[in-house]
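See structure below.
The values are calculated or read from the model by the stated rules, or taken from the named source; none is laboratory data. All values reported here derive from a predicted model rather than from experimental measurement. Here Cβ is always computed from backbone atoms with ideal geometry, including for glycine, and neighbour counts include all displayed protein chains.
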Amino acid sequence: MDYLSIEELVNATSGDLTSKSEEVTSINELVIDSRIANKNSVFFAIIGESLDGHKFINSAIENGCKTIIKNKSNDFEIIGEDLNIIEVENTEFALGDIARYYKSKFDIPYIGITGSVGKTSTRDMVFSAVSSKFKTLKNTGNLNNQFGVPLTLANLDKSYECAVIEMGMSGFNEIEYLVNIVNPQIGVISNIGLSHVERLGSREGIFKAKMEITTNFDENSTLIVNGDDDMLATLKGKDLKYNLKTFGFEKDNTIYCVDFEMNDNDTIFNVMIDNKIEKFYIPTVGEHNIYNAMAAILVGQTLNLTLDEIRNGLETLEITKSRMDVIKNDNYTVIDSVYNASVDSMRAALKVLNRYKTRRVAILGDIFEMGSFAEEGHKQVGKDASENADVIIAIGKDAEFISKEALENNMNKDNVHHFATKEEAMENFKNILQKGDTILVKASRGMHLEEVVEFLNK
(Lines give C-alpha, C1' and ligand atoms only; values in the text may rest on other atoms or scores of the structure.)
Protein backbone atom coordinates (compact mmCIF):
# COMPACT_ATOMS: atom_id res chain seq x y z
CA MET A 1 0.00 0.00 0.00
CA ASP A 2 1.22 3.50 -0.83
CA TYR A 3 1.32 5.98 2.03
CA LEU A 4 -1.79 7.99 2.91
CA SER A 5 -1.50 11.14 4.98
CA ILE A 6 -3.48 11.52 8.18
CA GLU A 7 -5.25 14.44 6.50
CA GLU A 8 -6.35 12.12 3.68
CA LEU A 9 -7.79 9.67 6.22
CA VAL A 10 -9.73 12.46 7.91
CA ASN A 11 -11.10 13.79 4.62
CA ALA A 12 -12.01 10.35 3.24
CA THR A 13 -13.99 9.46 6.37
CA SER A 14 -15.41 12.93 7.14
CA GLY A 15 -14.01 12.28 10.59
CA ASP A 16 -12.74 14.52 13.38
CA LEU A 17 -9.04 14.51 14.25
CA THR A 18 -9.25 14.78 18.05
CA SER A 19 -5.56 14.05 18.66
CA LYS A 20 -2.58 14.57 16.36
CA SER A 21 0.78 12.83 16.40
CA GLU A 22 3.93 14.85 15.81
CA GLU A 23 5.88 11.74 14.83
CA VAL A 24 3.49 9.85 12.53
CA THR A 25 1.98 11.89 9.70
CA SER A 26 1.07 9.06 7.30
CA ILE A 27 0.28 5.32 7.20
CA ASN A 28 0.62 2.51 4.66
CA GLU A 29 -1.49 -0.28 6.15
CA LEU A 30 -5.14 -0.77 7.15
CA VAL A 31 -5.69 -3.25 10.01
CA ILE A 32 -8.68 -4.48 12.00
CA ASP A 33 -6.64 -6.93 14.09
CA SER A 34 -4.78 -5.23 16.94
CA ARG A 35 -2.23 -8.06 17.03
CA ILE A 36 -0.72 -7.03 13.69
CA ALA A 37 -1.00 -3.27 14.22
CA ASN A 38 2.25 -1.30 14.04
CA LYS A 39 3.63 2.21 13.70
CA ASN A 40 2.81 2.43 9.99
CA SER A 41 -0.76 1.14 10.24
CA VAL A 42 -4.14 2.63 11.08
CA PHE A 43 -6.23 0.47 13.42
CA PHE A 44 -9.99 0.46 12.88
CA ALA A 45 -11.98 -0.31 16.04
CA ILE A 46 -14.63 -2.41 14.31
CA ILE A 47 -17.69 -3.55 16.25
CA GLY A 48 -18.36 -7.15 15.22
CA GLU A 49 -20.98 -9.73 16.15
CA SER A 50 -19.09 -10.89 19.23
CA LEU A 51 -16.19 -8.47 19.73
CA ASP A 52 -15.88 -4.70 20.04
CA GLY A 53 -12.65 -3.46 18.51
CA HIS A 54 -12.63 -0.48 20.85
CA LYS A 55 -11.59 -2.86 23.62
CA PHE A 56 -8.43 -3.63 21.64
CA ILE A 57 -7.31 -0.05 20.92
CA ASN A 58 -4.80 -0.08 23.76
CA SER A 59 -3.48 -3.44 22.58
CA ALA A 60 -2.87 -1.91 19.14
CA ILE A 61 -1.08 1.03 20.77
CA GLU A 62 1.10 -1.35 22.80
CA ASN A 63 2.14 -2.94 19.50
CA GLY A 64 3.35 0.44 18.24
CA CYS A 65 0.28 1.71 16.42
CA LYS A 66 0.01 5.51 16.43
CA THR A 67 -3.16 6.01 14.37
CA ILE A 68 -6.61 4.95 15.56
CA ILE A 69 -10.04 5.29 13.96
CA LYS A 70 -12.85 4.93 16.50
CA ASN A 71 -16.56 5.65 16.82
CA LYS A 72 -17.53 9.05 18.20
CA SER A 73 -20.07 7.38 20.46
CA ASN A 74 -17.46 5.24 22.20
CA ASP A 75 -15.73 6.71 25.25
CA PHE A 76 -13.43 3.77 26.03
CA GLU A 77 -10.29 5.09 27.76
CA ILE A 78 -7.29 5.29 25.43
CA ILE A 79 -3.88 4.99 27.05
CA GLY A 80 -1.01 6.42 25.02
CA GLU A 81 0.82 9.54 23.92
CA ASP A 82 1.47 11.27 20.61
CA LEU A 83 -1.42 9.54 18.84
CA ASN A 84 -3.53 10.27 15.78
CA ILE A 85 -7.12 9.66 16.84
CA ILE A 86 -9.83 10.05 14.22
CA GLU A 87 -13.43 9.85 15.40
CA VAL A 88 -16.12 8.78 12.92
CA GLU A 89 -19.81 7.88 12.98
CA ASN A 90 -19.15 4.24 12.06
CA THR A 91 -15.75 2.54 11.83
CA GLU A 92 -16.99 -0.15 9.44
CA PHE A 93 -18.13 2.47 6.95
CA ALA A 94 -14.90 4.42 7.51
CA LEU A 95 -12.91 1.37 6.41
CA GLY A 96 -14.95 1.26 3.20
CA ASP A 97 -14.62 5.02 2.68
CA ILE A 98 -10.83 4.90 2.89
CA ALA A 99 -10.66 1.87 0.58
CA ARG A 100 -12.88 3.68 -1.95
CA TYR A 101 -10.68 6.79 -1.79
CA TYR A 102 -7.45 4.80 -2.05
CA LYS A 103 -8.75 2.67 -4.92
CA SER A 104 -9.65 5.83 -6.88
CA LYS A 105 -5.92 6.58 -7.19
CA PHE A 106 -5.47 3.63 -9.55
CA ASP A 107 -7.02 3.86 -13.01
CA ILE A 108 -7.15 0.15 -13.82
CA PRO A 109 -9.92 -2.31 -14.79
CA TYR A 110 -11.89 -3.65 -11.82
CA ILE A 111 -13.79 -6.93 -12.18
CA GLY A 112 -16.46 -7.88 -9.64
CA ILE A 113 -17.41 -11.54 -9.20
CA THR A 114 -20.39 -12.98 -7.37
CA GLY A 115 -22.80 -15.91 -7.55
CA SER A 116 -24.36 -18.56 -5.36
CA VAL A 117 -21.79 -21.24 -6.19
CA GLY A 118 -18.29 -21.07 -7.61
CA LYS A 119 -17.42 -17.45 -6.79
CA THR A 120 -13.93 -18.28 -5.58
CA SER A 121 -13.15 -20.77 -8.35
CA THR A 122 -14.41 -18.25 -10.93
CA ARG A 123 -12.27 -15.57 -9.29
CA ASP A 124 -9.25 -17.86 -9.53
CA MET A 125 -10.02 -18.64 -13.18
CA VAL A 126 -10.43 -14.97 -14.12
CA PHE A 127 -7.26 -14.08 -12.21
CA SER A 128 -5.29 -16.75 -14.07
CA ALA A 129 -6.64 -15.69 -17.45
CA VAL A 130 -5.99 -11.95 -17.12
CA SER A 131 -2.68 -12.43 -15.30
CA SER A 132 -1.21 -13.69 -18.56
CA LYS A 133 -1.22 -10.05 -19.68
CA PHE A 134 -1.71 -7.86 -16.60
CA LYS A 135 -0.24 -7.83 -13.11
CA THR A 136 -3.48 -8.52 -11.24
CA LEU A 137 -4.70 -8.17 -7.67
CA LYS A 138 -7.28 -10.57 -6.22
CA ASN A 139 -8.79 -11.31 -2.82
CA THR A 140 -7.04 -14.09 -0.95
CA GLY A 141 -8.91 -16.76 0.99
CA ASN A 142 -12.41 -15.63 1.94
CA LEU A 143 -11.75 -11.87 2.12
CA ASN A 144 -14.90 -11.12 0.14
CA ASN A 145 -17.10 -9.18 2.59
CA GLN A 146 -17.41 -5.63 3.94
CA PHE A 147 -14.08 -6.04 5.73
CA GLY A 148 -12.17 -8.28 3.33
CA VAL A 149 -12.82 -6.27 0.17
CA PRO A 150 -11.49 -2.96 1.60
CA LEU A 151 -8.46 -4.75 3.06
CA THR A 152 -7.83 -6.35 -0.34
CA LEU A 153 -7.98 -3.00 -2.14
CA ALA A 154 -5.44 -1.64 0.35
CA ASN A 155 -2.89 -3.98 -1.25
CA LEU A 156 -2.98 -2.00 -4.49
CA ASP A 157 0.10 -0.13 -5.60
CA LYS A 158 1.34 1.44 -8.83
CA SER A 159 2.56 -1.90 -10.18
CA TYR A 160 -0.94 -3.38 -10.53
CA GLU A 161 -2.73 -3.24 -13.88
CA CYS A 162 -6.01 -5.01 -13.01
CA ALA A 163 -8.04 -6.14 -9.98
CA VAL A 164 -10.35 -9.15 -9.65
CA ILE A 165 -12.60 -8.76 -6.62
CA GLU A 166 -14.88 -11.52 -5.34
CA MET A 167 -17.98 -10.16 -3.60
CA GLY A 168 -19.84 -12.30 -1.10
CA MET A 169 -23.16 -11.59 0.55
CA SER A 170 -25.76 -13.13 2.81
CA GLY A 171 -28.47 -10.46 2.51
CA PHE A 172 -29.81 -7.58 0.46
CA ASN A 173 -27.75 -4.40 -0.10
CA GLU A 174 -24.46 -6.10 0.79
CA ILE A 175 -23.18 -6.43 -2.78
CA GLU A 176 -24.42 -2.90 -3.49
CA TYR A 177 -22.27 -1.68 -0.58
CA LEU A 178 -19.21 -3.44 -2.00
CA VAL A 179 -19.95 -2.23 -5.53
CA ASN A 180 -20.01 1.36 -4.26
CA ILE A 181 -16.47 0.79 -2.97
CA VAL A 182 -15.02 -1.15 -5.92
CA ASN A 183 -17.11 0.27 -8.80
CA PRO A 184 -16.32 -2.60 -11.19
CA GLN A 185 -16.59 -2.06 -14.94
CA ILE A 186 -17.06 -5.80 -15.50
CA GLY A 187 -19.35 -7.97 -13.39
CA VAL A 188 -19.63 -11.76 -13.36
CA ILE A 189 -22.51 -13.78 -11.88
CA SER A 190 -21.69 -17.50 -11.83
CA ASN A 191 -25.25 -18.71 -11.09
CA ILE A 192 -28.31 -18.32 -8.88
CA GLY A 193 -28.67 -21.17 -6.38
CA LEU A 194 -30.06 -21.57 -2.88
CA SER A 195 -27.13 -20.27 -0.82
CA HIS A 196 -28.41 -17.85 1.87
CA VAL A 197 -32.02 -18.57 0.95
CA GLU A 198 -32.81 -18.50 4.68
CA ARG A 199 -32.25 -14.72 4.69
CA LEU A 200 -33.30 -13.90 1.14
CA GLY A 201 -36.49 -15.94 1.06
CA SER A 202 -36.35 -17.39 -2.45
CA ARG A 203 -34.21 -17.76 -5.57
CA GLU A 204 -35.93 -14.63 -6.86
CA GLY A 205 -34.60 -12.80 -3.81
CA ILE A 206 -31.12 -14.21 -4.39
CA PHE A 207 -31.27 -13.11 -8.04
CA LYS A 208 -32.22 -9.59 -6.97
CA ALA A 209 -29.36 -9.46 -4.47
CA LYS A 210 -26.78 -10.73 -6.97
CA MET A 211 -27.93 -8.23 -9.59
CA GLU A 212 -26.82 -5.46 -7.25
CA ILE A 213 -23.45 -5.92 -8.95
CA THR A 214 -24.86 -3.78 -11.80
CA THR A 215 -25.72 -0.86 -9.48
CA ASN A 216 -23.28 1.60 -11.08
CA PHE A 217 -23.23 0.12 -14.59
CA ASP A 218 -23.53 2.26 -17.72
CA GLU A 219 -23.19 1.69 -21.47
CA ASN A 220 -19.45 1.02 -21.05
CA SER A 221 -19.99 -1.72 -18.46
CA THR A 222 -20.28 -5.45 -19.14
CA LEU A 223 -22.22 -8.10 -17.23
CA ILE A 224 -21.10 -11.70 -17.83
CA VAL A 225 -23.50 -14.41 -16.66
CA ASN A 226 -24.20 -18.13 -16.86
CA GLY A 227 -26.76 -18.20 -19.65
CA ASP A 228 -27.84 -21.76 -18.82
CA ASP A 229 -29.07 -20.65 -15.40
CA ASP A 230 -32.85 -20.29 -15.67
CA MET A 231 -32.96 -17.01 -13.76
CA LEU A 232 -29.94 -15.37 -15.37
CA ALA A 233 -31.21 -16.49 -18.79
CA THR A 234 -34.14 -14.07 -18.35
CA LEU A 235 -31.66 -11.25 -19.04
CA LYS A 236 -31.21 -12.41 -22.65
CA GLY A 237 -32.95 -10.17 -25.14
CA LYS A 238 -33.71 -7.46 -22.58
CA ASP A 239 -33.02 -3.81 -23.33
CA LEU A 240 -30.25 -3.26 -20.79
CA LYS A 241 -28.24 -0.10 -20.18
CA TYR A 242 -25.04 -2.17 -20.15
CA ASN A 243 -23.49 -4.90 -22.31
CA LEU A 244 -24.50 -8.51 -21.63
CA LYS A 245 -22.39 -11.58 -22.46
CA THR A 246 -23.42 -15.13 -21.62
CA PHE A 247 -21.71 -18.52 -21.40
CA GLY A 248 -22.91 -22.08 -21.04
CA PHE A 249 -23.56 -25.31 -22.92
CA GLU A 250 -26.70 -24.05 -24.69
CA LYS A 251 -26.18 -22.71 -28.20
CA ASP A 252 -27.99 -19.41 -27.60
CA ASN A 253 -25.12 -18.12 -25.44
CA THR A 254 -22.39 -15.70 -26.53
CA ILE A 255 -19.93 -18.57 -26.19
CA TYR A 256 -20.80 -22.19 -25.48
CA CYS A 257 -19.03 -25.47 -24.74
CA VAL A 258 -19.30 -27.96 -27.60
CA ASP A 259 -17.72 -30.97 -25.88
CA PHE A 260 -15.13 -31.88 -23.26
CA GLU A 261 -12.83 -34.64 -22.09
CA MET A 262 -12.25 -35.00 -18.35
CA ASN A 263 -9.50 -36.99 -16.64
CA ASP A 264 -8.85 -37.48 -12.92
CA ASN A 265 -7.08 -34.13 -12.53
CA ASP A 266 -7.67 -32.02 -15.62
CA THR A 267 -10.09 -31.12 -18.40
CA ILE A 268 -9.84 -30.34 -22.11
CA PHE A 269 -12.88 -28.59 -23.55
CA ASN A 270 -13.92 -27.03 -26.85
CA VAL A 271 -15.78 -23.72 -26.97
CA MET A 272 -17.64 -22.11 -29.86
CA ILE A 273 -16.38 -18.53 -30.08
CA ASP A 274 -17.33 -16.31 -33.02
CA ASN A 275 -18.40 -19.36 -35.08
CA LYS A 276 -15.06 -21.10 -34.53
CA ILE A 277 -14.26 -23.97 -32.16
CA GLU A 278 -11.43 -23.15 -29.75
CA LYS A 279 -9.70 -25.69 -27.49
CA PHE A 280 -8.84 -24.94 -23.83
CA TYR A 281 -7.21 -26.83 -20.97
CA ILE A 282 -7.67 -26.41 -17.21
CA PRO A 283 -5.81 -28.37 -14.51
CA THR A 284 -8.99 -29.18 -12.58
CA VAL A 285 -12.17 -31.20 -13.01
CA GLY A 286 -15.95 -30.82 -13.03
CA GLU A 287 -18.48 -29.45 -15.50
CA HIS A 288 -19.00 -26.54 -13.11
CA ASN A 289 -15.36 -25.56 -13.65
CA ILE A 290 -15.91 -25.49 -17.41
CA TYR A 291 -18.61 -22.90 -16.73
CA ASN A 292 -16.19 -20.95 -14.53
CA ALA A 293 -13.50 -21.09 -17.21
CA MET A 294 -15.92 -19.79 -19.85
CA ALA A 295 -16.67 -16.81 -17.61
CA ALA A 296 -12.92 -16.16 -17.51
CA ILE A 297 -12.71 -16.40 -21.30
CA LEU A 298 -15.38 -13.70 -21.68
CA VAL A 299 -13.68 -11.46 -19.12
CA GLY A 300 -10.42 -11.84 -21.00
CA GLN A 301 -12.07 -10.98 -24.31
CA THR A 302 -13.75 -7.94 -22.75
CA LEU A 303 -10.29 -6.76 -21.68
CA ASN A 304 -9.02 -7.34 -25.25
CA LEU A 305 -6.82 -10.31 -24.44
CA THR A 306 -6.13 -12.69 -27.30
CA LEU A 307 -7.46 -16.24 -27.04
CA ASP A 308 -3.89 -17.52 -26.79
CA GLU A 309 -3.25 -15.21 -23.83
CA ILE A 310 -6.44 -16.48 -22.15
CA ARG A 311 -5.50 -20.08 -22.95
CA ASN A 312 -2.03 -19.67 -21.47
CA GLY A 313 -3.47 -18.08 -18.36
CA LEU A 314 -6.01 -20.83 -17.73
CA GLU A 315 -3.33 -23.50 -18.11
CA THR A 316 -1.50 -22.05 -15.08
CA LEU A 317 -4.64 -22.06 -12.92
CA GLU A 318 -4.24 -22.59 -9.18
CA ILE A 319 -7.56 -23.25 -7.42
CA THR A 320 -7.92 -22.12 -3.79
CA LYS A 321 -7.45 -25.00 -1.33
CA SER A 322 -10.26 -27.41 -0.35
CA ARG A 323 -12.28 -26.79 -3.50
CA MET A 324 -12.28 -30.17 -5.23
CA ASP A 325 -8.62 -30.90 -4.43
CA VAL A 326 -7.78 -34.47 -5.49
CA ILE A 327 -5.41 -36.12 -3.01
CA LYS A 328 -4.11 -39.64 -3.63
CA ASN A 329 -2.63 -41.58 -0.71
CA ASP A 330 -1.75 -45.23 -0.15
CA ASN A 331 -5.34 -46.17 0.69
CA TYR A 332 -7.76 -43.78 -1.02
CA THR A 333 -8.27 -41.05 -3.57
CA VAL A 334 -9.76 -38.18 -1.55
CA ILE A 335 -11.66 -35.31 -3.18
CA ASP A 336 -11.37 -32.49 -0.66
CA SER A 337 -14.23 -30.01 -1.09
CA VAL A 338 -14.81 -29.09 2.54
CA TYR A 339 -14.42 -25.33 2.26
CA ASN A 340 -18.15 -24.79 1.92
CA ALA A 341 -21.29 -26.24 0.38
CA SER A 342 -24.64 -25.46 -1.13
CA VAL A 343 -27.18 -27.75 -2.75
CA ASP A 344 -25.89 -26.84 -6.21
CA SER A 345 -22.19 -27.22 -5.42
CA MET A 346 -22.80 -30.55 -3.69
CA ARG A 347 -24.71 -31.87 -6.70
CA ALA A 348 -21.92 -30.67 -9.02
CA ALA A 349 -19.31 -32.40 -6.85
CA LEU A 350 -21.28 -35.65 -7.00
CA LYS A 351 -21.17 -35.48 -10.81
CA VAL A 352 -17.38 -35.34 -10.57
CA LEU A 353 -17.35 -38.32 -8.19
CA ASN A 354 -19.47 -40.28 -10.66
CA ARG A 355 -16.72 -40.15 -13.29
CA TYR A 356 -14.35 -42.30 -11.23
CA LYS A 357 -14.18 -46.02 -12.06
CA THR A 358 -13.37 -47.19 -8.51
CA ARG A 359 -15.89 -47.64 -5.68
CA ARG A 360 -17.26 -44.16 -5.02
CA VAL A 361 -17.96 -42.94 -1.49
CA ALA A 362 -19.74 -39.65 -0.73
CA ILE A 363 -19.16 -38.27 2.77
CA LEU A 364 -21.68 -35.43 2.97
CA GLY A 365 -22.45 -33.11 5.87
CA ASP A 366 -25.08 -30.50 6.66
CA ILE A 367 -25.69 -27.56 4.34
CA PHE A 368 -26.26 -24.44 6.45
CA GLU A 369 -28.46 -21.35 5.97
CA MET A 370 -31.22 -23.26 4.19
CA GLY A 371 -34.07 -22.24 6.49
CA SER A 372 -37.39 -23.76 5.43
CA PHE A 373 -35.68 -25.23 2.33
CA ALA A 374 -33.39 -27.46 4.44
CA GLU A 375 -35.38 -30.67 4.04
CA GLU A 376 -36.06 -30.19 0.33
CA GLY A 377 -32.47 -29.20 -0.42
CA HIS A 378 -30.89 -32.11 1.42
CA LYS A 379 -33.35 -34.50 -0.25
CA GLN A 380 -32.24 -33.22 -3.68
CA VAL A 381 -28.66 -34.01 -2.68
CA GLY A 382 -29.74 -37.44 -1.41
CA LYS A 383 -31.34 -38.31 -4.75
CA ASP A 384 -28.24 -37.22 -6.67
CA ALA A 385 -25.96 -39.04 -4.24
CA SER A 386 -27.85 -42.29 -4.76
CA GLU A 387 -27.32 -41.93 -8.52
CA ASN A 388 -23.64 -40.94 -8.42
CA ALA A 389 -22.13 -42.75 -5.42
CA ASP A 390 -21.83 -46.40 -4.39
CA VAL A 391 -21.68 -45.59 -0.67
CA ILE A 392 -23.12 -42.62 1.24
CA ILE A 393 -21.96 -41.46 4.66
CA ALA A 394 -24.18 -38.59 5.86
CA ILE A 395 -23.03 -36.54 8.85
CA GLY A 396 -25.18 -34.12 10.85
CA LYS A 397 -28.78 -33.38 11.73
CA ASP A 398 -30.06 -32.19 8.33
CA ALA A 399 -27.83 -34.66 6.48
CA GLU A 400 -30.17 -37.39 7.68
CA PHE A 401 -32.50 -36.22 4.90
CA ILE A 402 -29.71 -37.15 2.46
CA SER A 403 -29.49 -40.72 3.71
CA LYS A 404 -33.27 -41.14 3.95
CA GLU A 405 -33.81 -39.88 0.40
CA ALA A 406 -31.08 -42.20 -0.90
CA LEU A 407 -32.94 -45.13 0.65
CA GLU A 408 -36.21 -43.85 -0.83
CA ASN A 409 -34.40 -43.89 -4.16
CA ASN A 410 -33.84 -47.65 -3.71
CA MET A 411 -30.18 -47.50 -2.72
CA ASN A 412 -28.96 -50.60 -0.87
CA LYS A 413 -29.39 -49.94 2.87
CA ASP A 414 -26.02 -51.58 3.57
CA ASN A 415 -24.37 -48.78 1.60
CA VAL A 416 -26.17 -45.86 3.28
CA HIS A 417 -24.98 -44.61 6.66
CA HIS A 418 -25.93 -41.68 8.87
CA PHE A 419 -24.01 -40.38 11.87
CA ALA A 420 -24.84 -37.47 14.14
CA THR A 421 -21.21 -36.31 14.40
CA LYS A 422 -18.01 -36.54 12.39
CA GLU A 423 -16.31 -38.23 15.35
CA GLU A 424 -18.89 -41.02 15.31
CA ALA A 425 -18.48 -41.35 11.55
CA MET A 426 -14.69 -41.58 11.73
CA GLU A 427 -14.94 -44.32 14.36
CA ASN A 428 -16.94 -46.38 11.85
CA PHE A 429 -14.83 -45.75 8.74
CA LYS A 430 -12.88 -48.97 9.31
CA ASN A 431 -16.10 -50.93 8.84
CA ILE A 432 -17.25 -49.01 5.76
CA LEU A 433 -14.30 -47.86 3.66
CA GLN A 434 -12.16 -50.09 1.46
CA LYS A 435 -8.67 -49.65 0.07
CA GLY A 436 -8.88 -48.09 -3.39
CA ASP A 437 -12.07 -46.11 -2.71
CA THR A 438 -12.54 -42.66 -4.22
CA ILE A 439 -14.01 -40.50 -1.46
CA LEU A 440 -15.73 -37.13 -1.85
CA VAL A 441 -15.87 -35.06 1.35
CA LYS A 442 -18.17 -32.02 1.28
CA ALA A 443 -20.23 -29.96 3.73
CA SER A 444 -20.78 -26.42 4.91
CA ARG A 445 -17.75 -24.80 6.49
CA GLY A 446 -19.18 -24.97 9.99
CA MET A 447 -19.21 -28.78 9.91
CA HIS A 448 -15.38 -28.77 10.01
CA LEU A 449 -15.05 -31.83 7.80
CA GLU A 450 -11.43 -30.87 7.12
CA GLU A 451 -10.83 -33.09 10.16
CA VAL A 452 -12.29 -35.99 8.16
CA VAL A 453 -9.96 -35.20 5.24
CA GLU A 454 -6.98 -35.14 7.61
CA PHE A 455 -8.10 -38.46 9.10
CA LEU A 456 -8.38 -40.07 5.66
CA ASN A 457 -4.95 -38.82 4.64
CA LYS A 458 -3.12 -40.09 7.73
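Inside segment 289-404, counting only strands (runs of 3 or more DSSP E) that do not spill past its ends, which hold 1 or more residues that are closer than 29 Å to Leu223 by Cα? Break it down into steps so the answer makes sense when it comes.
Values: elements: 325-328, 333-337, 360-365, 391-395.
In segment 289-404, 333-337 are the strands (runs of 3 or more DSSP E) which contain 1 or more residues that are closer than 29 Å to Leu223 by Cα.
So if I check each of Tyr281, Tyr339, which one is of a type in the set (Phe, Trp, Tyr) and either over 30 Å from Leu456 (Cβ atoms) or touching an Asp or Glu at 6+ places or on another chain (Cβ under 8 Å) (or both)?
Tyr281
Among the residues of segment 204-261, those that are among the β-branched types (Val, Ile, Thr), buried (at least 17 other Cβ atoms within 10 Å of the Cβ) and in a strand (DSSP E or B) comprise Thr222, Ile224, Val225, Thr246, Ile255. Reported count of residues in segment 109-151, each being surrounded by fewer than 23 Cβ atoms within 10 Å (Cβ to Cβ) and assigned to a helix (DSSP H, G or I), is 3. Is there a residue being closer than 30 Å to Asn216 by Cα, surrounded by 15 or more Cβ atoms within 10 Å (Cβ to Cβ), modelled with pLDDT of 95 or more and among the hydrophobic types (A, V, I, L, M, F, W, C) anywhere in segment 54-74? Yes, there is a match, as at least one residue in segment 54-74 is closer than 30 Å to Asn216 by Cα, surrounded by 15 or more Cβ atoms within 10 Å (Cβ to Cβ), modelled with pLDDT of 95 or more and among the hydrophobic types (A, V, I, L, M, F, W, C). What number of residues within segment 262-288 satisfy the criterion of being assigned to a loop (DSSP other than H, G, I, E, B) and of a type in the set (A, V, I, L, M, F, W, C)? The number of residues fulfilling the criteria is 1. Being without any contact (Cβ under 8 Å) to a residue 24 or more places away in the chain and either among the charged types (D, E, K, R) or in contact with a His (Cβ under 6 Å, 6 or more places away or on another chain) (or both) is the filter here, so list the residues in segment 28-51 that pass it. Once the filter is applied, which keeps residues that are without any contact (Cβ under 8 Å) to a residue 24 or more places away in the chain and either among the charged types (D, E, K, R) or in contact with a His (Cβ under 6 Å, 6 or more places away or on another chain) (or both), segment 28-51 yields Asp33, Glu49.
If you go through segment 437-449 and pick out every residue that is assigned to a helix (DSSP H, G or I) and touching a strand residue (DSSP E or B) at 6+ places or on another chain (Cβ under 8 Å), you end up with 1. Here is a check on your reading of the model: is Ser403 in contact with an Asp or Glu (Cβ under 7 Å, 6 or more places away or on another chain), surrounded by 13 or more Cβ atoms within 10 Å (Cβ to Cβ) and either over 18 Å from Thr333 (Cα atoms) or in the same structural domain as Ala349 (by TED's automatic domain parsing) (or both)? Answer is no for this residue.
Identify the residue in segment 262-272 that is hydrophobic (A, V, I, L, M, F, W, C) and modelled with pLDDT of 95 or more and, among all such residues, is surrounded by the most Cβ atoms within 10 Å (Cβ to Cβ). The qualifying residue surrounded by the most Cβ atoms within 10 Å (Cβ to Cβ) is Val271. So, in segment 170-202, how many residues would count as being in a loop (DSSP other than H, G, I, E, B) and either in contact (Cβ under 8 Å) with a residue 60 or more places away in the chain or closer than 25 Å to Lys241 by Cβ (or both)? So the count comes out to 13.
Cβ-Cβ distances below 9 Å connect the following pairs, each with a first residue in segment 417-431 that is in the same structural domain as Ile393 (by TED's automatic domain parsing) and part of a loop (DSSP other than H, G, I, E, B), a second residue that is surrounded by 20 or more Cβ atoms within 10 Å (Cβ to Cβ) and of a type outside the set (D, E, K, R), and a separation of six or more residues or different chains: Ala420/Ile395; Ala420/Gly396; Thr421/Ile395; Thr421/Gly396. Restricting attention to segment 170-197 and to residues that are crowded, with 22+ Cβ neighbours inside 10 Å and of a type in the set (S, T, N, Q), the residue that is nearest to Phe106 (Cα to Cα) turns out to be Ser190.
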